[in-house]
Amino acid sequence: MSFTITEPSTVTDAVRLIAADDETRIVAGGTGLTLLLRYGLLAPTRLVSLRNLPSLAGVAGTGDGGLRIGAATTLSALEHSDDVAARAPALRQALRRLGNVRVRNVAQLGGAVAHGHPQMDLPPVLVAGEARIEVTGPAGTRQIPAGELFLGYYDTAIGDDELVTAVHLPPHHGVYRKVTLRTAEDWPALGVAVTTDPGDSRDGPPATAGVRIAVGAIGDRPFRLTDLEDALADTPPTPAGIAEAVTTAVADLEIHDGVDASAEYRRHLVAVHVRRALQTVLLDGADPDHGDPDHGEPDHGEPDDSDVAGPDVAGPDGGPR
Amino acid sequence: MTRHQVGRSLPRLEGEAKVTGTAEYIHNLDVPGQLHGVIVRSVEPHARLVEIDTTAALAVDGVRYVITSHEVRAVTAVDHVGPAFADQPVLAFDEVRFVGEPVACVLADDPRAAARGAELVEVTTEPLEAVYDEVAACAEDAPLVHEHLDASAMFADLKGLDDREGTNVALDYTLRHGDAEAALAEADHVFEDTFRTPASVHAAMEPFVAIGEVGDRGVITVHSATQNPSMIQVELARLFDVPENRIRVRTAWLGGGFGAKLYPKLEPLVAACAVITRRPVRIAVTMDEQFVTLTRHATTTTLRTGVSADGRITARVCDVTWNTGAYADIGPRVAQKTGFTAAGPYDIEHVSIDSRCVYTNTPPAGAMRGFGVPQVSWAYESQTDIIARSLGIDPLEFRDRNLLRNGRPHATGTAMHGTATAEVLAELRRAMAWDEPLTQAAAPLRRGRGVAVGLKAVITPSTSVALVDLSGDGSVTVSCSTTDMGQASATAYAQIVAEVLTIEAEDVTVLHPDTRSTPYDMGTLGSRSLYHMGNALTEAAREVRGQLLAAGAEALGVRADTVTLTDGAVSAADGRRLPFAEVMLARFGMQAGNLIGRGVFTPPYAKPEPGTGQSPQIAAFWMVGGAGAEVVVDTDTGEVTVERLLIAADVGTAVNPKVVTTQLKGAATMQLGMTRSEELIFADGQLTNMGLGAYKIPGFLDVPGQLAAVFVEDHDPERDESAPFGAKGVGESGTFGVSPAVANAVHDAVGVRIRELPLTPERVWRAMRAADDGGDRR
């Protein structure tokens, strides 16, 4: 493996460099790319680093109550952003259990979008949140709806000569449920994002019409459960009504065996966790940061609101592993 | 009054060096002029080697050599290494027997060139039939992993085994105590259950690394991250047919070992490459390669247990099959030494054990923290709960009723003594508040709790030799070949020697093993070091104390039996004191000389009767480790949260209570990973989850919210006499009870019994669903 690293200082230069040839890859935080390099799955001749593009980082509120997030914003900065907490609670919830703190401190939003691996936490949140991904290429800037961005395994609608520059996320209420089956910091075996427009819940629980449901990590890309969304529009917001609609919708999903679970079990997990997410949003009121009323999720030692890791671990000189 | 050193919660002496990144590891060592080796590995599970074409690899810029068995066999005296059976070639010849087996080694100026070269070595093979499962490998018509089996080179007690042909069974261990079959036939209740554990891996932070070089007079030096430098020295001397004094093996701190870094691993290969090339050769394998170097045995265990109407276990028949992979490594010892504990910590009149070590076409399995006890305790402590619940007896009460207590004979015929089984169980009862009802969780969650107790015999016999050296200025250095791989042996040894010499542990230096200067030790394994080397060190330190008293008395002009050692000085009855430095000054006339004490320890042992395994003295001491778990099960999904994990262990004397606690918690956390997520998954002999991306070990967020260790310091005069300050090893005890305690707690919560590890959410969910369909919720 041998490559040069270039650190352009303008987006224009960056785009020019990545458009130059097929052997160039973009490196942002590097948490995904370095794994691909290590296992020889990529052999680029040039890496274009975004470290000299501070203008690409930052979170800003938008007029519609949503967010414009620069692609070079670290996941850790997002996780601790008050704007994200207020305007995009499902995103914040996903960030708190994404990878681990070392990953979040360096990984960037743009990379998390462009990586295109199916087992990631943010894609279903962006899909359910109806985010628009802003990309810049030689022909200028365009926006791709998140629902059209993820095409398959390491495959996205972002052109080879395009750079993710920002994510536009409308405001939402909602939740993200992460399921891991091996360890707490594992990749998701399932991610469920359920969102509604904030206006829908101004006076009590939101209407079942207008709820958006996306699942990730279960196929080669995140997808909306549109049949379920439609069915819910005509369903009374009761536990039984929600459960029945979920059971019907999930039965029709195409689900395959995964490395950590059989297709049958994955389908069951989708049903349970979509139902729980819907109940949280539609019945309990979604406010995940102030006591998740959903008692269903096992506590994997997730930090509480003080962001201090809870477990009484082995002690300062606990044996290395 | 001198402060006691034994019993101090002293922070480990190397802690600051480790935290600041200055501690010495072989991984950080480079030797001038070294070549870097990358191993070419078999991609076939079983095949005949036809040809190895090195042309393209040698054409890579920077590649200097491609070493195959042809070159290795030209410089070695024997073709195979291995502690139990000499069965493993340094590089494969004739056949390859598992995916990942070393076939060739590319040596280059830098590791990248070596890696590129390794990709270009072309290995032509003809596939042979392979077998992967330990039970399938025992079948009459199973493909043979080895055509012929050779007996042990290193261990006297394995030498007696006949050479064998036509079987994959490397070792058949049997124990017969009473007449178990007859007793089963007469029992009021008979329970039969089969339990399985998967292969798993040590995943030490520092993967295997070794550097070989040839020095003056042909002395071969190997710098290696090894747990037993002395045995590597012995094995390399045999491999090259040179005296042991022409082999030097040294090590430093280890970034974890857990049993993987025992016995020859990279050392024969780097030594052979150095002999062939006459240049230093360094091989540092990747984390992924660690997964095909050594694993923990997969096992299948069937227990048939007879119980009387009043809840007494009357007979137990144990059948344990250990999957040792393609090469035996120390597997036969695991099958034998842990096999004899397979009936558990119970007082059972009639016991029969068959424990067999079986070859398969998978990576070799060997020692790992617990040395097989976590596998057999998974079986016996799961079944103990099955029996208790089936008879309507409280599981802890049932254990108490059947526990093997001091004075009673173990299944091996050895009478138990100094073994705190009852105290450990009592501690679990107390610390778990077992007699208080458990607060149930709200639906869909269910809470449950369980306990389990395991028993381990320390590997016996084995030898430790130590030197304690007092310098002209009175400072003390300890020479021994114990490897400190994170268990804080160096700190504990400093405490023991300091206690005897009435000085501060911080003032003692403990050397890293180097067979050129530190004396023999069997190895850092099986929780033996504190006891065995501790005894040798105590003897050595006492010898130095005797010399100090004699020299001090002479300098003070009094009789030797009138002086004492206090606060690092020799004191006369009249109050005059001579610090050690002044004793040395008087003794040698200047700041010079050494006082050297020597200690040798080999515990008593009586070789078991062949066939029955009976012995009046089977082990130097026994370890008892109990675990209590409280879990919450999500009845919708089968997801299990371990809310609380409590370890109770018999530690003899806690030489360093802080380290004892962290050892027990660390071991428990490691075993919790084996319980919940760790499993090597093979498809046609190919490991499909190699590396830490696909094989998940616990992180801090997987540590139970409440993790605690309590220890029993039980003092038995007979044992205290034979142990250094009454201490026992504690590195493994935290593993014994964890898996069955969690499974028993899951059963308590939702009424389903998991018989195969790991205890995954899907397995629990499937068991619950089967139970709902009218299946077994026993």
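When every residue of segment A:167-180 is checked against the conditions, at least one turns out to be within 30 Å of B:E678 (Cβ to Cβ), modelled with pLDDT of 95 or more and not in a strand (DSSP E or B).
Rundown of residues vs (1) in contact with a strand residue (DSSP E or B) (Cβ under 6 Å, 6 or more places away or on another chain); (2) part of a loop (DSSP other than H, G, I, E, B); (3) at pLDDT below 95, yes/no style:
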| site | (1), (2), (3) |
| --- | --- |
| B:D574 | no, yes, no |
| B:E582 | no, no, no |
| B:R587 | no, no, no |
| B:A592 | no, yes, no |
| B:I596 | yes, no, no |
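Going through (1) among the polar types (S, T, N, Q); (2) touching a Lys or Arg at 6+ places or on another chain (Cβ under 6 Å); (3) not assigned by TED's automatic domain parsing to the domain that holds B:K696 one by one, B:T321 falls short only on (3).
A:A189 - would you say it is open to solvent by 20 Å² or more (accessible area, probe 1.4 Å) and either touching a helix residue (DSSP H, G or I) at 6+ places or on another chain (Cβ under 7 Å) or within 14 Å of chain B (Cβ to nearest Cβ) (or both)? No.
For segment A:30-41, the condition of being more than 23 Å from B:A115 (Cβ to Cβ) and of a type in the set (A, V, I, L, M) holds for none of the residues.
With respect to (1) among the charged types (D, E, K, R); (2) within 14 Å of chain A (Cβ to nearest Cβ); (3) crowded, with 21+ Cβ neighbours inside 10 Å, the lone exception for B:R399 is condition (2).
For beta carbons closer than 9 Å, sequence separation of 6+ or different chains, a first residue in segment B:85-99 that is in contact (Cβ under 8 Å) with a residue 12 or more places away in the chain and among the polar types (S, T, N, Q) and a second that is part of a strand (DSSP E or B) and crowded, with 24+ Cβ neighbours inside 10 Å, the qualifying pairs are B:Q88/B:V81. Considered as a group, the residues in segment B:160-211 that are touching a strand residue (DSSP E or B) at 6+ places or on another chain (Cβ under 6 Å) and among the hydroxyl-bearing types (S, T, Y) include one that is nearest to the other protein chains (Cβ to nearest Cβ), and that residue is B:S200. Of the residues that sit in segment A:223-262 and are among the β-branched types (V, I, T) and open to solvent by less than 50 Å² (accessible area, probe 1.4 Å), which one is farthest from the other protein chains (Cβ to nearest Cβ)? The selected residue is A:T235.
Within segment B:684-703, if we keep just the residues that are assigned to a loop (DSSP other than H, G, I, E, B) and over 24 Å from the mean Cα position of the chain (by Cα), the residue that is farthest from the other protein chains (Cβ to nearest Cβ) turns out to be B:G685.
Within segment B:594-606, can you find the residues that are open to solvent by 30 Å² or more (accessible area, probe 1.4 Å) and under 10 Å from B:G472 (Cβ atoms)? B:N594, the sole residue that qualifies. Quick test for you: out of B:R408, B:R369, B:R356, pick the one residue that is within 26 Å of B:A136 (Cα to Cα) and open to solvent by 10 Å² or more (accessible area, probe 1.4 Å). Only one candidate qualifies: B:R356. Among the residues making up segment B:17-59, those that are under 26 Å from the mean Cα position of the chain (by Cα) and either within 14 Å of another protein chain (Cβ to nearest Cβ) or free of Cβ contacts under 8 Å to residues at least 12 places away in the same chain (or both) are B:A17, B:K18, B:V19, B:A23, B:Y25, B:H27, B:N28. Each residue in segment B:221-261 was checked for being farther than 29 Å from B:R296 by Cα and either assigned by TED's automatic domain parsing to the domain that holds B:M368 or open to solvent by less than 10 Å² (accessible area, probe 1.4 Å) (or both), and 1 pass. Taking the criterion of being within 13 Å of chain A (Cβ to nearest Cβ), among the β-branched types (V, I, T) and surrounded by fewer than 24 Cβ atoms within 10 Å (Cβ to Cβ), the only residue of segment B:708-763 that qualifies is B:T760. Conditions: (1) in a strand (DSSP E or B); (2) of a type in the set (A, V, I, L, M); (3) under 17 Å from B:C318 (Cβ atoms). B:V465 meets all but one. Number of the miss? Result: B:V465 fails condition (3) only. When segment A:5-37 is filtered for residues that are within 24 Å of the chain's Cα centre (by Cα) and not in a strand (DSSP E or B), the ones remaining, listed by number, are A:A28, A:G29, A:G30, A:T31, A:G32, A:L33, A:T34, A:L35, A:L36, A:L37. Looking at B:L91, B:L128, just one residue is more than 18 Å from B:V270 (Cβ to Cβ) and either surrounded by 24 or more Cβ atoms within 10 Å (Cβ to Cβ) or touching a strand residue (DSSP E or B) at 6+ places or on another chain (Cβ under 8 Å) (or both), and that residue is B:L128.
For B:E609, the conditions (1) surrounded by 15 or more Cβ atoms within 10 Å (Cβ to Cβ); (2) under 32 Å from the mean Cα position of the chain (by Cα); (3) free of Cβ contacts under 8 Å to residues at least 60 places away in the same chain all hold with the exception of (1).
Each row is one residue, and each column tells you yes or no for (1) within 13 Å of another protein chain (Cβ to nearest Cβ); (2) part of a loop (DSSP other than H, G, I, E, B).
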{"position": "B:Y605", "(1), (2)": "no, yes"}
{"position": "B:T612", "(1), (2)": "no, yes"}
{"position": "B:A620", "(1), (2)": "no, yes"}
{"position": "B:A627", "(1), (2)": "no, no"}
{"position": "B:V632", "(1), (2)": "yes, no"}
{"position": "B:D636", "(1), (2)": "yes, yes"}
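Selection of segment A:148-168 for residues being in contact (Cβ under 8 Å) with a residue 60 or more places away in the chain, out of contact with any strand residue (DSSP E or B) (no Cβ under 8 Å at 6 or more places or on another chain) and aromatic (F, W, Y) yields only A:Y153. Residues of segment B:309-345 that are assigned to a strand (DSSP E or B), crowded, with 24+ Cβ neighbours inside 10 Å and not polar (S, T, N, Q): B:I313, B:A315, B:R316, B:C318, B:V320, B:W322, B:G325.
Let's see how each residue does on (1) part of a loop (DSSP other than H, G, I, E, B); (2) open to solvent by less than 30 Å² (accessible area, probe 1.4 Å); (3) among the charged types (D, E, K, R):
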residue	(1), (2), (3)
B:E423	no, no, yes
B:R429	no, no, yes
B:G454	no, yes, no
B:P461	yes, no, no
B:T483	yes, yes, no
B:A490	no, yes, no
B:V500	no, yes, no
B:S517	yes, no, no
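Residues in segment B:110-155 that are at pLDDT 95 or above and small (G, A, S): B:A113, B:A114, B:A115, B:G117, B:A118, B:A130, B:A136, B:A137, B:A139, B:A142.
The residues of segment B:381-425 that are at pLDDT 95 or above, small (G, A, S) and in contact with a helix residue (DSSP H, G or I) (Cβ under 8 Å, 6 or more places away or on another chain), listed by number, are B:S382, B:A388, B:A411, B:A422. Residues in segment B:669-683 that are aliphatic (A, V, I, L, M) and open to solvent by 30 Å² or more (accessible area, probe 1.4 Å) were compared, and the one that is nearest to the other protein chains (Cβ to nearest Cβ) is B:I681.
The values are calculated or read from the model by the stated rules, or taken from the named source; none is laboratory data. Every value quoted in this text rests on a predicted model; they were computed, and no experiment measured them. Here Cβ is always computed from backbone atoms with ideal geometry, including for glycine, and neighbour counts include all displayed protein chains. All accessible areas refer to the heavy atoms of the entire protein, side chains included, with ligands and DNA or RNA removed. Shrake-Rupley method; radii C 1.70, N 1.55, O 1.52, S 1.80 Å.
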